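To keep things clear, I will list the structure first and then write my remarks on it.
Laboratory data are not the source of any read-out in this text; all were calculated from the coordinates shown. None of the values given here were measured: they were computed from a predicted structure. For neighbour counting, all protein chains shown are included, and Cβ atoms are generated from backbone atoms with ideal geometry for every residue, glycine included.
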Amino acid sequence: MTQGIRTPVYAKAEFFNPGGSVKDRIGVAMIEAAEREGRLRPGGVIVEATSGNTGVGLAIAAAVKGYRCIFTMPDKMSQEKARLLRALGAEVIITPTAVPPDHPDNYIVKGRAIAAAHQNAIFADQHYNPVNPEVHYRTTGPEIWEQTAGRVTHFVCAPGTGGTVSGAGRYLKERNPKIRVIAGDPVGSIYTQYAKTKQQTEGYPYKVEGIGGDKIPTSLHWDVIDEWISVTDKDAILMTRRVAREEGLFVGGSTGVNVVAALEVARRAGGTDALVVTVLCDTGERYLSKVYNDEWLRENQILETERVAVAQLLAAKNGSAAPPLVSVAPSATVRQALNLMSTYNVSQLPVLDSGDGVGAVFEQLLMARALEDPATLDQPVEDVMDPPFPVVDADLPVDRLSALLSRETPAALVRRDGKIAGIVTRYDVLHQLAGIR
Ligand SMILES: Cc1ncc(COP(=O)(O)O)c(C=O)c1O
């Protein structure tokens with residue numbers, strides 16, 4: 001995927017952690033800090049508002065240490081994540097995503113309330129817990145420094161709570177103040193705007209999980225971040241799928257944001273002196289029903305339904321008995337027009353004059369006139385014709401053609417390379433929709 005980019009791009013494969021995500025680091029760290037401070041004693045309860053991965057990190061440590069876990073999780077999160085937490089023995093409470101950050105049903109507000117209602121309970125509070133960035137300062141940062149032998153020049157990481165980018169970023173800058181820290185951010189998150197203006201705006205929902213935010217967490221250290229890159233859901237998710245297919249790295253959607261941003265940074269850095277590091281946040285197994293599900297992508301307008309063009313409708317008619325365009329001249333008689341329609345088994349004909357549509361005739365209307373007055377049969381078509389069919393370009397998508405056709409306008413002429421190349425009817429559109437060839 002880095003073809004054509006001279007700057008090497010490395011990624012820290014956090015999906016290799018035992019719980020499958022970068023969050024394993026903070027799970028055990030937050031529990032052990034609470035134990036040290038005497039806030040959590042044997043038999044205690046760990047409560048957290050989590051998009052899933054922090055829950056897994058906490059649940060693994062809690063299972064080993066014998067604590068009970070209760071997690072609140074927004075309903076946009078994958079089913080797989082909730083199931084995984086339950087598999088690890090946790091209780092999961094699903095909350096609505098589309099509520100303001102101060103609403104009692106907001107997953108963080110609710111988590112806090114649950115912790116307050118229990119004895120010997122902690123709210124792990126990853127968004128406001130200093131242990132979160134601190135553990136990345138102690139582990140992730142030094143690992144990146146050592147694993148790149150100090151050659152890292154750019155660290156690209158999209159913040160959720162901000163723990164990873166803040167902790168690892170701060171450590172790296174302390175080792176080499178020239179290192180630039182770049183944050184990817186989903187479009188809809190308020191972070192990028194806040195970084196610019198320090199004004200808290202209202203975000204809007206997006207599909208990528210685990211990163212971005214609609215509130216300002218203290219785990220996110222703004223001073224560490226030099227630059228923000230906004231990434232759309234579509235770009236992030238399509239990139240995530242490329243990472244799996246082209247690199248064999250099976251990752252989640254937040255990694256897509258990181259990779260889009262990292263490739264942009266590497267492209268700009270230009271030289272082989274630079275070395276970009278980003279993070280592969282979690283395993284793709286958690287997103288089989290979403291990022292890796294074409295149906296879900298189509299429902300969310302991320303994967304476009306293949307657009308069939310009018311030209312393909314014309315091509316599909318090639319096998320039929322009639323040539324692509326049967327037409328009559330304005331001077332032809334009604335009798336000749338009716339004969340043509342009968343020969344080719346069509347119920348309407350365009351009237352063409354020097355290649356231009358000047359009118360249209362319909363079998364039913366001509367027959368009705370001829371029955372009323374047989375002399376009509378010998379009249380020229382131009383005396384009895386209706387207005388011409390509309391003309392469309394061959395590359396017009398079929399859905400746009402369907403919108404144009406009606407009972408009154410049952411067909412359209414197709415123009416290709418400036419010439420009328422054929423006719424498409426409501427029947428042709430219907431056949432295409434119904435998958436009849
Ligand atoms: C899938 C995923 N990616 C990235 C992150 C972001 O990490 P951090 O919270 O350290 O900023 C998270 C955090 O929840 C996550 O779940």
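Among 171, 427, 204, what is the fewest-to-most ranking by other Cβ atoms within 10 Å? Walk me through the numbers before you get to the answer.
On the way: 171 23, 427 15, 204 11.
Exposure proxy ranking, most exposed first: 204, 427, 171.
Using each residue's phi in region 232-238, evaluate 6.51 cos²θ - 1.76 cosθ + 1.60 at θ = phi - 60° and report the 3J(HN,Hα) Karplus result to the nearest Hz, with x for Gly and Pro.
6, 3, 4, 4, 5, 6, 5
Relative contact order for region 310-433: what percent, with Cα pairs under 8 Å and sequence separation of 6 or more?
Over region 310-433, the number comes to 28 percent.
Using alpha carbon centroids, what distance separates region 9-34 and region 74-128, in Å?
Measuring centre to centre over Cα atoms gives 19 Å.
Take the residue pairs 23/196; 76/215; 110/234; 173/234; 173/290 and return only those whose Cα atoms are more than 26 Å apart.
With Cα atoms farther than 26 Å apart: 23/196; 110/234; 173/234; 173/290.
Spelling out what I want: for every residue of region 396-405, take phi, set θ = phi - 60°, compute 6.51 cos²θ - 1.76 cosθ + 1.60 (Karplus), and round to whole Hz; glycine and proline get x.
5, x, 4, 4, 6, 5, 4, 5, 7, 7
Can you work out ³J(HN,Hα) from phi for every residue in region 30-41, in order, using Karplus 6.51 cos²θ - 1.76 cosθ + 1.60 and θ = phi - 60°, giving whole Hz and x for Gly and Pro?
Working through the residues one at a time gives 5, 5, 5, 5, 5, 5, 4, 7, x, 7, 10, 10 Hz.
Give me, ordered by chain and number, the residues 5 or more places off residue 229 or on other chains with an amide H under 5 Å from its own placed amide H.
Here 183, 184, 185 satisfy the definition.
Sequence-distant or interchain residues sharing an amide H contact under 5 Å with residue 95, placed H: which?
73, 75
Could you calculate the FRET efficiency of residue 146 with residue 202 from 1/(1 + (r/R0)^6), where r is the beta carbon distance between them and R0 is 41 Å, rounded to 0.05? Kindly include the intermediate steps, with their values, before the conclusion.
Values: r = 41 Å, r/R0 = 1.01.
According to the calculation, E is roughly 0.50.
Not counting the cut sites, what is the longest span of the chain without GluC sites (Glu not before Pro) that DSSP labels loop and that have at most 15 other Cβ atoms within 10 Å?
38-201
Rounded, prolate or oblate: which fits region 258-315, taking a ≥ b ≥ c as square roots of the Cα gyration tensor eigenvalues, rounded meaning a/c under 1.5, else prolate when a/b beats b/c?
Since a/c reaches 1.5 but b/c is at least a/b, the shape of region 258-315 is classed as oblate.
Which order do 341, 77 fall in if you start with the one that has the fewest other Cβ atoms within 10 Å?
Ascending number of Cβ neighbours within 10 Å: 341, 77.
Averaging the inverse of every distinct alpha carbon separation and then flipping it gives the Kirkwood radius. What is it for the chain, in angstrom units? The partial results should precede the final answer.
Numbers: mean 1/r = 0.0387 Å⁻¹.
Roughly 25.9 Å, rounded to one decimal.
Report the label-to-label distance for residue 427 and residue 298 in nanometres (one decimal), using points 7 Å from each Cα along the Cα→Cβ vector.
Calculated label separation equals 2.8 nm.
Can you give the extra length, in nm with one decimal, that the chain gains between residue 375 and residue 400 once fully stretched, where that is 0.36 nm per residue apart less the Cα-Cα distance?
Separation in residues times 0.36 nm, less the Cα-Cα distance, equals 4.9 nm.
Extension gain residue 215-residue 331, at 0.36 nm per residue separation less the Cα-Cα distance, in nm? Could the numbers behind the result be given before it?
Values: separation 116, 0.36 × 116 = 41.76 nm, distance 7.44 nm.
Extra length from residue 215 to residue 331 when fully extended: 34.3 nm.
Name the residues whose placed amide hydrogens come within less than 5 Å of the amide hydrogen of residue 278, ignoring near sequence neighbours (fewer than 5 apart) on the same chain.
10, 11, 12, 156
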